[in-house]
Amino acid sequence: MSRDEFAHNLFHNRTGVLATMHRKEQAIRPVLAQIGMQIVVPEALNTDEFGTFTREVERTGDQLQAARLKAEKAMALTGLDLGLASEGSFGHHSSIPFLACDRELVVLIDRQQDLEIVGQVISTDTNYSQQQVTTLESAIAFAQKVGFPSHGVVAMPEAHPLPGSPIFKGITDESQLVDAVTELLRQFGQAHLETDMRAMHNPTRMKVIAQATQDLVTKMSQCCPQCGYPGFTAVERQAGLPCALCQFPTALPLAVTHRCQKCDFSSVSYFPNGQEFADPAQCSYCNP
Ligand SMILES: [Zn+2]
Ligand SMILES: [Zn+2]
């Protein structure tokens, strides 16, 4: 049996539980079906207790910890030994100011094999956006800009509302929008609008979750050269790829370390992007 077949067989015909109450199975299930894994969704799971996008609950820990907690909760509820969860974070791109981006990760925890594998994607394909308005017309203009009504919006009095403030979530039709904004304008003289980033109200985000799941499947097929277990993934990147013009080290990766979780074997490979020198445009000396 080849390494690929071995990795494939570890997950084939197994059932994993996906921790979601936002219909993320629509994005994740078809991707995992390609490798023969079935997905169930527990009914009695409240993922909101781990943090919400809409302010009521602050997220506990970082993005990966939050995903792990959800997957573990779903496994505990169902008794299954394979758990999955996804977690998104939205903000501005680290190197391109004012460009919104969506970082999605999907974690797979396999108790049978004692493995954890994380798929991830950072995409600028997102409608993530917010705006303060004082008229109904500007509220409708914002909604149109962010893909409403196929994409939902959320309305509240201000960006950081006081506890107990009205928060209108999952607005997906115009009369709901008009009612919510009219009420906020009447009570507060303004409304803070933002895109609803919960997966079931955001088809653009759903696509990025599918891409992160595809990355997970790719990593599930990357096997350790020593023991053959899947999840032989990059754990460390070393910057310093030299500039093609002046040889000064740049911020681009020079080397990447892959490590096996099972046997701890690791290997360092140089020039992970297949190029031995960086474009001088990326050099802080040639292009300050
Ligand atoms: Zn290994
Ligand atoms: Zn240079």
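The values are calculated or read from the model by the stated rules, or taken from the named source; none is laboratory data. As the structure is a prediction and not an experimental result, all values here were calculated from the model. Heads up, the Cβs are rebuilt from the backbone with ideal geometry, glycines too, and the neighbour counts pull from every protein chain shown. Calculation scope for accessible area: heavy atoms of the full protein, side chains included, ligands and nucleic acids excluded. Shrake-Rupley method; radii C 1.70, N 1.55, O 1.52, S 1.80 Å.
Quick notes
- Computed over the range 103-242, relative contact order equals 30 percent, with contacts defined as Cα pairs under 8 Å that lie 6+ residues apart.
- Highest-MSF residue in the chain out of Asn127, Asn13, Asn202 [GNM, Cα springs under 10 Å]: Asn13
- 3J(HN,Hα) along the range 160-172: 10, x, 5, x, x, 5, x, 10, 9, 9, x, 6, 10 Hz, from the Karplus curve 6.51 cos²θ - 1.76 cosθ + 1.60 with θ = phi - 60°, whole Hz, x for Gly and Pro.
- The range 149-198 and the range 80-146 have Cα centres spaced 20 Å apart.
- Max mean-square fluctuation residue, GNM over the chain, Cα-Cα springs under 10 Å, options Cys223, Cys263, Cys243: Cys243
- Burial order of peptide ranges 268-280, 62-74, 141-153 (average beta-carbon count within 10 Å, highest first): 62-74, 141-153, 268-280
- Using C-alpha pairs below 8 Å separated by at least 6 residues, the relative contact order for the chain is 15 percent.
- In the range 149-288, the DSSP beta bridges split such that about 95 percent are antiparallel, to the nearest 5.
- Within the full protein context, the accessible area of Glu25 is estimated at about 40 Å² for a probe radius of 1.4 Å.
- Counting DSSP beta bridges with both ends in the chain, the antiparallel % (nearest 5): 85 percent
- Computed [θ] at 222 nm, deg cm²/dmol, the chain (DSSP H ≥ 4; -39,500 (n - 2.57); rounded to nearest 500): -8500 deg cm²/dmol
- If you take all other residues with their beta carbon under 15 Å from the beta carbon of Val256, and give Lys and Arg +1 and Asp and Glu -1, the sum is +1.
- Across the range 246-261, rounded Karplus estimates of 3J(HN,Hα) from the backbone phi angles (6.51 cos²θ - 1.76 cosθ + 1.60, θ = phi - 60°) give 10, 6, 5, x, 9, 7, 6, x, 9, 8, 9, 9, 9, 9, 8, 6 Hz, Gly and Pro being marked x.
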